[in-house]
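The values are calculated or read from the model by the stated rules, or taken from the named source; none is laboratory data. Predicted model only: the values in this text are computed from it and were never measured. Because the Cβ atoms are built from the backbone with ideal geometry, glycine has one as well, and the counts that use them run over all protein chains shown.
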Ligand SMILES: [Zn+2]
């Protein structure tokens, strides 16, 4: 919200006049953050107030005049060439941009010939100074303007001023007008608020004794609507002439970001920005029956708002109706039919208090956000309507030449008593850690307009002004006291140490990250949302829960429409991106949540944390000895990861073209990963169609593991226990086998394990050889089996017996031939 | 018929022959073989020794002495030869020169994401003060995200956080604060937790990302004060930035804390002076202070939602953006870098 500095100061009687920077600093320090201070007159310079002392036609051009101006009484006149049709008679004042002046847009003036006659600068119009849209002529100051000759034009235009951009907290509806900020400034700097006198009572000279507001407007609030509209004040102003507003009033509106329209509309806005109370002006002639009824909309009811839209209403919407029909959507927007126009002469002014939530619901549902609804949503002081109505009536009558009907119609069925809040000083000390005493608390609260009575040394009884609906509890008062005392008075202390409880947080994700980073991979973090197509590239069949992602109702773009169900797509996109940016060799991992629809009472989804590695191109190379990543790297990394999280046995189960592991993996180069017999993930080469969907033209190897299935979280994680280091020598025996190509290594291993020879300590494959010199359809494998007994040195005979038993089973069961 | 003299002469000849034999040999095995050829049970010296028995007893000691002398000589020659071989091998080994200026062979060399590094460090720092890690879901109920934090549906504070909705009652959490609620629902005071995690807001520019990372803190206990909150944050700032930077509070409004404060710390770029040797500090816009998060004392309404007695207990809560922490410490100048998976960025840290 924008605040005009001079306007703010008009509403304060401060003990000491602050600079605008001092004021901004004080407000910011008290939580009313001033996000910027703008010099209103910074748009131009070197333009001064000058008096016309003579004018005559330009000898060479019909439409030009030669104008003599002075900048001090009795001073020498300067002749300026002017093209405007409205050059005033001698004695009136204009704005002269002298040579050297700069105008908005960067133009610097000099002495320039115009149709043969030198013109030192120019006389300015509104658009030339960026202060309005009237391009029909130059600016001519009002006859009663008292700005001295030669003074900067900013003074005459109300631009010798600053605008403060205030970031008002959402709970401070009371500071959405200059008056509220004046209250803050006075509390902070010391001083008294000055309410405009005509807000307390309209200017008596403008009141028409023969017109009675009560006779011109009847107001009723339906009994069931009193919560939604606790107060409604109406005033009537008669004989108004609609005209442009005076320049300074228009300048203030422009400064707070509102476009001036005419005196009638401008006054309602002006008073809203001044006092914080939104107003609405009806054309009295169009208020049927001269009566206003405030009620809730009926089912199926409709009305056309002043933007011309015909709107369907709901029973929660608050309506202002005349004797015949709805004329406004209360606090949100006026109706089309009752709006004031240039022809309006009698005005019915509305100043009402509306319930914040009622207004917010309607404004949100209809997507109608206005300066008025913004204020009502944040709470408007129910004491304000009569003040705002009186103030606006006075301004309107003054500017529009009208008369104010005697009295106001003020319907306020259940006035709210100011809140009474008890405060314990000891509690304030205990919560803040600041050494506050009763006097300091009382001082702060009094400065904010509260009435404070001490009941005993520690307990204060605080009466809160109605403007501060946010101060309802002791803790609210404690914050206010601290705000006034200054947050900089809060010391830095530390809470006493306590023994930490056993952590129950799942540390598997971080252990996985550390393991994979230690293994040489770089960690990526990608968005949890993605384009729907990105998931579709996984080629998952309908019915797979990952093919039906959680969708956002209001995504920012189609690229972020759904939540990921797998980490693979984003990593493939990262592989593609790196390769496009000239990084061909990619070894990335991500550990993060995936999101699966779940049938849960609370509507949430399953969010297991997955770990995924993606490898493309070559491994980190030494000199020229690069080697491409392959599926065994993916498996090795999966084993490294699982080893970091679990003591269980890892096993992979190969897929086959007839039974693919995943549709997004190569059917012949993929496997399920099992830990202690439970599926925990998959690994393999990415299916060419999947990676091509991401624009990756080289093989990519991935492993994705569901960490929620691996080991246990946090304190439940297994703690490895020491085992005895073998003290007796072991012995190894190799066996070379010729076997069918279709027999996987895992099958060989299974047979060895099934032999259950107790002396077997370790089993390794040393060679997997396929070559022309072998019988067709066969391969040769070399296996090495280590034997050891924990309690003795094995004899050759023992080793041979165990080894031969295993080899015999291999040959019989695989089958295989010993080579 | 051998005589003592002829045997001795033969031994002398064998000794000479042995010396000639092993002189060119350069490996231990061949030298041992030669030694066995002369001195072994069936060796040439042994063969000569068989003649010894045929000599008159009086001559035997002379010959025996010669045998021992020649055996000794052979053994000595072998030992010297072997020692020489070892010395040569060592010298040859030490004569090797490898160009160690060639690059190292790559090992390990992975990278935790900068945000992970910062998060883990923050967890460790808060752990020093007794804070344990807590977690909650990212897809969260409206109730945990807003209602229980004193932000009802019709509250203007909802405008402060532009929310992604999954359904009318389920959102992507806009802050880590719902973890406060879940923790207080599950655990009685004393509570001291930090909750790091990703959060989501409909916002996208160089300093805002629709997904970003917060770390939330919550302490609930008897006698906790607003000043304790300040001390905890001061400890964090100094440990994390490794400098004696100061922290200040500014009044601010968050519906779920009261008193509420915006937390500023002295600018880590200019040390709070507002100026750098190269000119004005742009990170803090010359103010010397940068905003790092929001904080405050847990609002009694929040305690009421989770059944904590707000007369008996007080609590404080804070939240900070980890991207911002990393930006301030590592100079990351656009938030988008964190989420692109670009190795050129990831490998910098
Ligand atoms: Zn700085």
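Please count how many residues of segment B:308-325 are out of contact with any strand residue (DSSP E or B) (no Cβ under 9 Å at 6 or more places or on another chain) and in contact (Cβ under 8 Å) with a residue 24 or more places away in the chain.
Qualifying residue count, segment B:308-325: 1.
Among the candidates A:642, A:615, A:623, the residue that is in contact with a helix residue (DSSP H, G or I) (Cβ under 7 Å, 6 or more places away or on another chain) and either more than 30 Å from residue B:172 (Cα to Cα) or assigned to a strand (DSSP E or B) (or both) is uniquely A:615. How many of the residues making up segment A:62-79 are touching a strand residue (DSSP E or B) at 6+ places or on another chain (Cβ under 8 Å) and either crowded, with 17+ Cβ neighbours inside 10 Å or assigned to a strand (DSSP E or B) (or both)? Residues meeting the conditions: 10. Evaluated against (1) within 13 Å of the ligand (Cβ to nearest atom); (2) away from chain A (no Cβ under 13 Å); (3) crowded, with 22+ Cβ neighbours inside 10 Å, residue B:319 falls short on exactly one condition, (1).
Rundown of residues vs (1) under 18 Å from residue A:665 (Cβ atoms); (2) within 11 Å of chain B (Cβ to nearest Cβ), yes/no style:
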{"site": "A:536", "(1), (2)": "yes, no"}
{"site": "A:539", "(1), (2)": "yes, no"}
{"site": "A:551", "(1), (2)": "no, yes"}
{"site": "A:559", "(1), (2)": "no, yes"}
{"site": "A:576", "(1), (2)": "yes, yes"}
{"site": "A:588", "(1), (2)": "yes, yes"}
{"site": "A:593", "(1), (2)": "no, yes"}
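Out of A:30, A:24, A:77, A:101, I need the residue that is touching a helix residue (DSSP H, G or I) at 6+ places or on another chain (Cβ under 6 Å) and either in contact (Cβ under 8 Å) with a residue 12 or more places away in the chain or closer than 30 Å to residue A:180 by Cβ (or both). Which one? That would be A:30, the only listed residue that is touching a helix residue (DSSP H, G or I) at 6+ places or on another chain (Cβ under 6 Å) and either in contact (Cβ under 8 Å) with a residue 12 or more places away in the chain or closer than 30 Å to residue A:180 by Cβ (or both). From the list B:63, B:67, the lone residue that is in a helix (DSSP H, G or I) and closer than 13 Å to residue B:3 by Cα is B:63. Here residue B:310 passes the criteria (1) assigned to a loop (DSSP other than H, G, I, E, B); (2) away from the ligand (no atom under 16 Å from the Cβ); (3) away from chain A (no Cβ under 11 Å) except the one numbered (3).
Taking the numbered list (1) within 12 Å of the ligand (Cβ to nearest atom); (2) closer than 30 Å to residue A:427 by Cβ; (3) surrounded by fewer than 22 Cβ atoms within 10 Å (Cβ to Cβ) in turn, residue B:265 passes all entries but (3). Set side by side, the residues B:98, B:118 differ, and just one is crowded, with 19+ Cβ neighbours inside 10 Å and more than 9 Å from chain A (Cβ to nearest Cβ), which is B:118. Does residue B:183 satisfy the condition of being free of Cβ contacts under 8 Å to residues at least 60 places away in the same chain, buried (at least 19 other Cβ atoms within 10 Å of the Cβ), more than 7 Å from chain A (Cβ to nearest Cβ) and within 26 Å of residue A:497 (Cβ to Cβ)? Here the answer is yes, as residue B:183 does meet what is asked.
Looking only at segment B:268-295, residues that are near the ligand (Cβ under 8 Å from one of its atoms), free of Cβ contacts under 8 Å to residues at least 24 places away in the same chain, part of a loop (DSSP other than H, G, I, E, B) and at negative phi come to 6 in all.
Taken over segment B:219-249, the criterion of being away from the ligand (no atom under 16 Å from the Cβ), touching a helix residue (DSSP H, G or I) at 6+ places or on another chain (Cβ under 6 Å) and facing chain A (nearest Cβ under 9 Å) is satisfied by B:226, B:249.
Can you find a residue that is surrounded by fewer than 18 Cβ atoms within 10 Å (Cβ to Cβ) and either within 16 Å of the ligand (Cβ to nearest atom) or in a loop (DSSP other than H, G, I, E, B) (or both) anywhere in segment B:296-307? Yes, the conditions are met somewhere in segment B:296-307. Selection of segment B:200-213 for residues being surrounded by fewer than 24 Cβ atoms within 10 Å (Cβ to Cβ), outside any loop (DSSP other than H, G, I, E, B) and either outside the structural domain of residue B:190 (by TED's automatic domain parsing) or out of contact with any helix residue (DSSP H, G or I) (no Cβ under 6 Å at 6 or more places or on another chain) (or both) yields B:205, B:208, B:211.
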